[in-house]
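Enquirer: Submitted below is the structure of interest, expressed as structure tokens.
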Amino acid sequence: MADVTIKVRDNGPLLVEGPFTLVDAAGNPYPLPEGKPAIALCRCGHSQNKPFCDGSHKTHGFVAAERAPAPSGS
């Protein structure tokens, strides 16, 4: 089974790559397009297609550039 990777994009969405299931608060699955290598999830809060990104972060001035902590011993 392939791994799932979630990339935090600077000033943008969460990019989810790999096989996964996305469900709402009631446990209902969202339909995901087949054959698409990645899905972008909104984190700016302005998308009109939540939970998916529609690019609204670009026009709403969303700024975020978090970085993972350096591994200990570095």
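No value in this document is a laboratory result; all are computed from the given coordinates. Since this is a predicted model, take the numbers as computed values, not measurements. Using ideal geometry, Cβ is built from the backbone for each residue, glycine included, and neighbour counts are taken over all protein chains shown.
Enquirer: Going by how many other Cβ atoms sit within 10 Å of their own, how do HIS60, HIS46 line up, fewest first? Please list the in-between numbers first.
Expert: Values: HIS60 12, HIS46 17.
Ordered from fewest to most neighbouring Cβ atoms within 10 Å, HIS60, HIS46 come out as HIS60, HIS46.
Enquirer: Which translational diffusion coefficient, to the nearest whole µm²/s, is obtained for the chain from the Stokes-Einstein equation, given a Kirkwood hydrodynamic radius over C-alpha pairs, 25 °C and 0.890 mPa s?
Expert: Calculated translational D: 177 µm²/s.
Enquirer: Nearest 20 debye, what's the magnitude of the dipole of the chain about its Cα centre given +1 on Lys and Arg Cβ and -1 on Asp and Glu Cβ? Before the final figure, lay out the partial values.
Expert: Values: 7 positive and 7 negative charges, 43 e Å.
My answer is approximately 200 debye.
Enquirer: Continuing with this model, one more query. Based on other C-beta atoms within 10 Å, arrange VAL8, VAL23 from fewest to most. Let's see the in-between values first.
Expert: On the way: VAL8 14, VAL23 9.
By the 10 Å Cβ count, ascending: VAL23, VAL8.
Enquirer: If we count other beta carbons within 10 Å of each Cβ, what is the order of ARG43, ARG9, fewest first? Provide the component values of the computation, followed by the final result.
Expert: Details: ARG43 17, ARG9 14.
With the fewest neighbours first, ARG43, ARG9 line up as ARG9, ARG43.
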